[in-house]
Amino acid sequence: MLKADTKILLDDRKRKLLQTAIDIIATQGYAKLTMRALARSDGIKLGALQYHFPTWEALLSALARYIGDSYENSFAALKDKPG
């Protein structure tokens, strides 16, 4: 079992990778997002990326959840604001 600190570091690493994927899509387009391009942009080896996202489908699934959660959190914050 992973220690809590290790799990937080892994979660931070995944979050950084997902944000880098969004940056690639925003600046270069979806067609330019590949596993190799993501690893290169983040400065890691392909094997390290595949540790976090073993397949293209795993990456896309995590990316969809990450974007959905981000929007959900943004809307929740707006809802809580007065006015």
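Read-outs throughout are calculated quantities, based only on the coordinates presented, and are distinct from any laboratory measurement. Every value quoted in this text rests on a predicted model; they were computed, and no experiment measured them.
For this structure, a couple of remarks:
- If the chain linking residue 37 and residue 64 were pulled fully straight, counting 0.36 nm for each residue of separation and taking away their Cα-Cα distance, it would gain 7.9 nm.
- Gain on full stretching of the segment that runs from residue 72 to residue 48 - 0.36 nm per residue minus C-alpha separation: 5.7 nm
- Along each principal axis, taking the top coordinate minus the bottom one, the Cα set of the stretch 30-76 gives 37, 18, 18 Å in descending order.
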